[in-house]
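What follows is a short report on a single structure.
The values are calculated or read from the model by the stated rules, or taken from the named source; none is laboratory data. On a predicted model such as this, the values are computed, not experimentally measured, just so you know. All Cβ positions, even for glycine, are placed from backbone atoms using ideal geometry, and neighbour counts span all protein chains on display.
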Amino acid sequence: MIVDSHCHLNYGTMTEDMSGVMARAQSAGVETMLAVNARLSEFDDVLAVAEKYDHVFATVGSHPHEAEKEPDVSADQLIEKTGHDKVVAIGESGLDFYYDYAPRALQEKNFRAHIAAARETGLPLIVHARAADDLCREILQQEMGQGVFPAVIHCFTASREFAEASLEMGFYISISGIITFNSAKDLQQTAKIIPLDRLLIETDAPYLSPVPKRGKANEPSYVKYTAEFLAGLRDEPYEVMAQATTDNFYRLFAKATRP
């Protein structure tokens, strides 16, 4: 059995064929999914999916792309929504300077609010970092100095230096289908040095379908392709990779119950 530690079940093909998505995930051995909230305005939609399926859990958060539309995210606002049994994490939040869809100052403001919520609740923070390695690392290190909090760097595509800094802070690193791309040679080398007990796998569905499903909408069942590739890359049996990443998920997202 494996876990999809990051997917968006309230978008696109997910909502159009939810019963099929769930059936295919079960056939692929996906025992649990984490439905990630990218817009606070959509939190109820994300939570509704988690409430419908025993093996789906939810997060609460606002993606950095949404910082201009949702500029006033507060720690208290996030914390209030974590009272629900199915809400097991804070995020996703962070910095994305690749597209600069939102002002950087607003991204940072919201990011720090999410960190404060993670620190206060003890729930893990899901960090989105793209084209912002240096500032993201600086903020995380600053905030860690003010009080520890658990976190995962999701859909990791950053440098080896960022990976090492994240591991030093005690964080987990989640690998998506990008690892299977021919263009991801640097990421593949970095993935080899991540300790097995700090690895997670994800789809980020409906985005970033792995080889051999590139060009199609991603879905949780495809997480097995990422697990298989990562196991081969690291010269580890698939069963070891599946067991380790599953155990790691429940260790980090301790509020999630195992089936």
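Key figures for this structure:
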{"read-out": "Glu161 being farther than 20 Å from Ile194 by Cβ and either among the acidic types (Asp, Glu) or in contact (Cβ under 8 Å) with a residue 40 or more places away in the chain (or both)", "value": "no"}
{"read-out": "Test: residue in the stretch 63-74 that is under 15 Å from Asn10 (Cβ atoms) and either in a helix (DSSP H, G or I) or out of contact with any His (no Cβ under 6 Å at 6 or more places or on another chain) (or both)", "value": "yes"}
{"read-out": "Condition check for Thr32: more than 18 Å from the chain's Cα centre (by Cα), surrounded by 15 or more Cβ atoms within 10 Å (Cβ to Cβ) and not acidic (Asp, Glu)", "value": "no"}
{"read-out": "Residue check, Ile79 modelled with pLDDT of 95 or more, in contact with a helix residue (DSSP H, G or I) (Cβ under 8 Å, 6 or more places away or on another chain), within 16 Å of Leu47 (Cβ to Cβ) and assigned to a helix (DSSP H, G or I)", "value": "yes"}
{"read-out": "The stretch 190-227 - residue that is basic (Lys, Arg) and closer than 22 Å to Phe253 by Cβ and, of those, nearest to the chain's Cα centre (by Cα)", "value": "Arg198"}
{"read-out": "Subset of the stretch 47-82 (residues that are within 19 Å of the chain's Cα centre (by Cα), in contact (Cβ under 8 Å) with a residue 60 or more places away in the chain and closer than 24 Å to Thr32 by Cβ)", "value": "His55, Phe57, Thr59, Gly61, His63"}
{"read-out": "Number of the condition not met by Asp235 [criteria: (1) of a type outside the set (Gly, Ala, Ser); (2) at pLDDT 95 or above; (3) on the phi < 0 side of the Ramachandran plot; (4) surrounded by fewer than 19 Cβ atoms within 10 Å (Cβ to Cβ)]", "value": "(3)"}
{"read-out": "All helices (runs of 4 or more DSSP H) inside the stretch 106-194 with 3 or more residues being among the charged types (D, E, K, R)", "value": "133-145, 160-168"}
